[in-house]
1. Among the residues of the stretch 163-200, what is the count of those that are crowded, with 16+ Cβ neighbours inside 10 Å, charged (D, E, K, R) and not in a loop (DSSP other than H, G, I, E, B)?
2. Looking only at residues that are of a type in the set (S, T, Y) and either in contact (Cβ under 8 Å) with a residue 40 or more places away in the chain or touching an Asp or Glu at 6+ places or on another chain (Cβ under 7 Å) (or both) in the stretch 38-90, which one is surrounded by the fewest Cβ atoms within 10 Å (Cβ to Cβ)?
3. Residue check, V219 against (1) in contact with an Asp or Glu (Cβ under 9 Å, 6 or more places away or on another chain); (2) among the hydrophobic types (A, V, I, L, M, F, W, C); (3) in a loop (DSSP other than H, G, I, E, B), all met but one. Which one?
4. Right, P124: surrounded by 15 or more Cβ atoms within 10 Å (Cβ to Cβ), at negative phi and touching a His at 6+ places or on another chain (Cβ under 9 Å) or not?
5. Given the criteria at pLDDT 95 or above and either among the charged types (D, E, K, R) or under 29 Å from A199 (Cα atoms) (or both), does P54 qualify?
6. Tally the residues that are at pLDDT 95 or above, within 25 Å of the chain's Cα centre (by Cα) and not in a strand (DSSP E or B), restricting the search to the stretch 67-109.
7. Kindly indicate whether D179 is over 21 Å from the mean Cα position of the chain (by Cα), over 21 Å from K107 (Cβ atoms) and of a type in the set (D, E).
8. Tell me which residues, restricted to the stretch 115-135, are in contact with a Leu (Cβ under 8 Å, 6 or more places away or on another chain), at pLDDT below 95 and either within 30 Å of Y85 (Cα to Cα) or of a type in the set (A, V, I, L, M) (or both).
Amino acid sequence: MNHFSRRDFLKLGAAGFGALLLPNIKLASANLPDFPTGENLGRLFATYDVMAKPDIGSSVIKTLYQDNVINIYREVMGTTDLRYYRSRTWYETDEGFIYAPDVQPVKNILNQPLAILPSYGETPGFWAEVTVPYVELQLDGTAPKSPLLIELMTPPVILPLRFYYSQVLWIDGMRTLDDGTVQYHVIEKHGSYGDKFWADARAFKPLSPEDLSPIRPDVPDKKIVVDV
């Protein structure tokens, strides 16, 4: 596997990652669902009903479930669902209105996989952001370590493993499957139980060092002193 040094990576940051992209990569893959094609999408956090009006007392059009992805056209003000929240914001969708607090606004932006894995010093890898509603994961290993993953993968009901829109993960490897699909080796670098995954590379936007640098580097770090 080829690696790029951190110095080369920094030089590419200003111009983007075009020089590292794989040419003519196969874009068809079963690893990413066919999400709705609208510009603004929403992913359901949990089960919730689509209503005829932005009113919790109006008639139910249909029921949506966790991780269903829908088109979002505009925000409107309606009634509050006091069972859960105080917000009055609703989203207009294709079939009616859905209560906004149960929806994550997302995009579906596919990315060209890199051909070369960048490196920070002697550490191969880079930070990347999920730019699709969700991407399904293949566990790298036979047994999950995280209690949540153990629960998700325990029969009789086995649920899919996923990362979600706007999550930032560490990529430290890549591979190409027999069908031409490029996958990244993905980890949660800090604060995880050490589980590792493979996932469709198109779901991840590489973040350059400039993306991760402070907005105002001239401003000193905030210091808080607690006198007890």
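1. Count: 3.
2. Restricting attention to the stretch 38-90, the residues satisfying the condition of being of a type in the set (S, T, Y) are 47-48, 58-59, 63, 65, 73, 79-80, 84-85, 87, 89.
When the remaining residues are screened for being either in contact (Cβ under 8 Å) with a residue 40 or more places away in the chain or touching an Asp or Glu at 6+ places or on another chain (Cβ under 7 Å) (or both), the result is 48, 63, 73, 79, 89.
Details: Y48: 19, T63: 10, Y73: 13, T79: 15, T89: 15.
Across the stretch 38-90, the extreme among qualifying residues is T63.
3. (1)
4. Values: surrounded by 15 or more Cβ atoms within 10 Å (Cβ to Cβ): yes; at negative phi: yes; touching a His at 6+ places or on another chain (Cβ under 9 Å): yes.
Yes, satisfied.
5. Numbers: at pLDDT 95 or above: yes; either among the charged types (D, E, K, R) or under 29 Å from A199 (Cα atoms) (or both): no.
The answer is no for P54.
6. 10
7. Numbers: over 21 Å from the mean Cα position of the chain (by Cα): yes; over 21 Å from K107 (Cβ atoms): yes; of a type in the set (D, E): yes.
So D179 fits the description; yes.
8. A115, I116
The values are calculated or read from the model by the stated rules, or taken from the named source; none is laboratory data. The shown structure was predicted, so the numbers you read here are calculated from the model rather than taken from an experiment. FYI the Cβ positions are ideal-geometry reconstructions off the backbone, even for glycines, and counts take in every protein chain you see.
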